[in-house]
Amino acid sequence: MKRLIFVIPVFLILFAFCSQGPSPDEVKKWIEVVDIKTQWVQKYGPQVRPWEVVYVPSIRFKLKNNGTKPVRILYFNAEFKFKDEEKSLGYDYKAFPQKEPIKPGEVSKEVFLRCPYGFRASSKESFIHNPYWKKAEVKIFAGIPGGRLVNLGVFPIENKLEDEEQSGQEQK
């Protein structure tokens, strides 16, 4: 009898963790990546020497729940790589910016992920004219309760610098 009293709560706890929302397959069907913006953003910090600029690939996006149940996302993993290459350029990991699940029909807050590595150049102009500036892409994974990963897709990174668009809007 004592064993039964111990086994039942353990079973209930395991069942609760394993059944926290939809399966990875359901999440993949229901979640749509929307408002995607990919570009190369300037990197700042102690790794960047004063006489150079460093640009890294990045992605901004939101998630839309087209399903019938709320979907809880815990975190994102992004794998950045050059197109047609096996080796990864770098990874980014971010916790999901909202604590509540995404309800059916709702759109999430924006998620921003960027690669820690990119290209160095002496100036923005030399970066733009760099013949070795390759096409890049990013594969996004979402972590859901139960330690499961959902592949949200592979997205091409536009060969566009972050401030090109902003400076174009300022001139108009």
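Touching an Asp or Glu at 6+ places or on another chain (Cβ under 6 Å), of a type outside the set (A, V, I, L, M) and under 17 Å from GLY153 (Cβ atoms), is that true of ASN66? Spelling it out, ASN66 is indeed touching an Asp or Glu at 6+ places or on another chain (Cβ under 6 Å), of a type outside the set (A, V, I, L, M) and under 17 Å from GLY153 (Cβ atoms).
Residues checked against (1) exposed (fewer than 14 other Cβ atoms within 10 Å of the Cβ); (2) touching a residue at least 60 places away in the same chain (Cβ under 8 Å); (3) in contact with a helix residue (DSSP H, G or I) (Cβ under 8 Å, 6 or more places away or on another chain):
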{"residue": "ASP25", "(1), (2), (3)": "yes, no, no"}
{"residue": "PHE61", "(1), (2), (3)": "no, yes, no"}
{"residue": "VAL71", "(1), (2), (3)": "no, yes, yes"}
{"residue": "ASP84", "(1), (2), (3)": "yes, no, no"}
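Yes or no, residue by residue, for (1) modelled with pLDDT under 85; (2) of a type in the set (Val, Ile, Thr); (3) over 30 Å from LYS103 (Cα atoms):
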residue	(1), (2), (3)
PHE6	yes, no, yes
PRO9	yes, no, no
ILE13	yes, yes, no
PHE17	yes, no, no
GLY21	yes, no, no
GLU26	yes, no, no
ILE31	no, yes, no
GLU52	no, no, yes
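All conditions but one from (1) farther than 19 Å from LYS135 by Cα; (2) under 20 Å from the mean Cα position of the chain (by Cα); (3) part of a loop (DSSP other than H, G, I, E, B) apply to ARG49; the one that does not is (2).
State whether one or more residues within the stretch 37-50 are touching a residue at least 60 places away in the same chain (Cβ under 8 Å), of a type outside the set (Ser, Thr, Tyr), within 21 Å of PHE155 (Cβ to Cβ) and touching a helix residue (DSSP H, G or I) at 6+ places or on another chain (Cβ under 6 Å). Yes.
For the stretch 140-147, state whether one or more residues are surrounded by 13 or more Cβ atoms within 10 Å (Cβ to Cβ), of a type outside the set (A, V, I, L, M), at pLDDT below 90 and within 18 Å of GLY67 (Cβ to Cβ). Yes, the stretch 140-147 contains at least one residue that is surrounded by 13 or more Cβ atoms within 10 Å (Cβ to Cβ), of a type outside the set (A, V, I, L, M), at pLDDT below 90 and within 18 Å of GLY67 (Cβ to Cβ).
The values are calculated or read from the model by the stated rules, or taken from the named source; none is laboratory data. Remember, it's a predicted structure, so these values are computed and weren't measured experimentally. Backbone-built Cβ (ideal geometry, glycine too); neighbour counts: all protein chains shown.
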